[in-house]
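Here's the structure we're looking at; comments come further down.
The values are calculated or read from the model by the stated rules, or taken from the named source; none is laboratory data. Keep in mind that this is a model prediction, so the values were computed, not measured. Neighbour counts run over all protein chains shown; Cβ positions are idealised from the backbone, glycine included. The protein model used for the area step is the full one, side chains on, heavy atoms only, and it has no ligands, DNA or RNA in it. Shrake-Rupley method; radii C 1.70, N 1.55, O 1.52, S 1.80 Å.
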Amino acid sequence: MLNPRTYYEDCLRKLPELLRIGSFPLTQLAASIDRETLLSHPPSPDRVATFTSLTGQQFVPPINTTFEDTLDVSCPNCSYANIVPWVTHNGDGYAQDGFSCSCSGCKFRINKE
């Protein structure tokens, strides 16, 4: 976890624009989740409009991630496009800390390092 004092000093020194973001909206985030199902409530039209105006992107949140979701990852050794799972049961999917796979083209071991 970040030390708030160190974060604040870094913002002052290196990235003062981060101070304009304000504090993390934990209360808002908690209110957007249904306590019984743990699913998120749909955002209000105002929130969607704000997101679109600030990012220039359409608001299209993923519904959920499944074990069937995949991603193309190019091999840094041979440039082969490997189809890798987003998440796996054993924790080596692309979105997980232990990401690792062998290239289907050259057997080079791919990870995020």
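State all residues of the range 21-48 that are closer than 30 Å to Y7 by Cα and outside any loop (DSSP other than H, G, I, E, B); if no residue qualifies, say none.
Filtering the range 21-48 for residues closer than 30 Å to Y7 by Cα gives 21-33, 40, 43, 47-48.
Once the filter is applied, which keeps residues that are closer than 30 Å to Y7 by Cα and outside any loop (DSSP other than H, G, I, E, B), the range 21-48 yields I21, L26, T27, Q28, L29, A30, A31, I33, S40, R47, V48.
Can you pull out every residue in the range 23-70 that is closer than 30 Å to C103 by Cβ and in contact with a strand residue (DSSP E or B) (Cβ under 6 Å, 6 or more places away or on another chain)?
T70
What number of residues within the range 34-66 satisfy the criterion of being of a type in the set (A, V, I, L, M) and open to solvent by less than 70 Å² (accessible area, probe 1.4 Å)? Can you show your working first?
Of all residues in the range 34-66, those of a type in the set (A, V, I, L, M) come to 38-39, 48-49, 54, 60, 63.
This time we only want the ones that are open to solvent by less than 70 Å² (accessible area, probe 1.4 Å), so: 48-49.
Total meeting the criteria: 2.
Go through the range 95-113 and give me each residue that's outside any loop (DSSP other than H, G, I, E, B) and of a type in the set (S, T, Y).
Of everything in the range 95-113, just one residue is outside any loop (DSSP other than H, G, I, E, B) and of a type in the set (S, T, Y), namely S102.
Working only within the range 1-33, note down all residues that are among the acidic types (D, E) and open to solvent by less than 70 Å² (accessible area, probe 1.4 Å).
D10
Quick one: in the range 68-94, which of the residues that are touching a Ser or Thr at 6+ places or on another chain (Cβ under 7 Å) and not in a strand (DSSP E or B) is most open to solvent (accessible area, probe 1.4 Å)?
Of all residues in the range 68-94, those touching a Ser or Thr at 6+ places or on another chain (Cβ under 7 Å) come to 80-87, 92.
Next, from what is left, pick out any that are not in a strand (DSSP E or B): 80, 86-87, 92.
Details: Y80: 105, W86: 87, V87: 33, D92: 46 Å².
Among those that are touching a Ser or Thr at 6+ places or on another chain (Cβ under 7 Å) and not in a strand (DSSP E or B), it is Y80.
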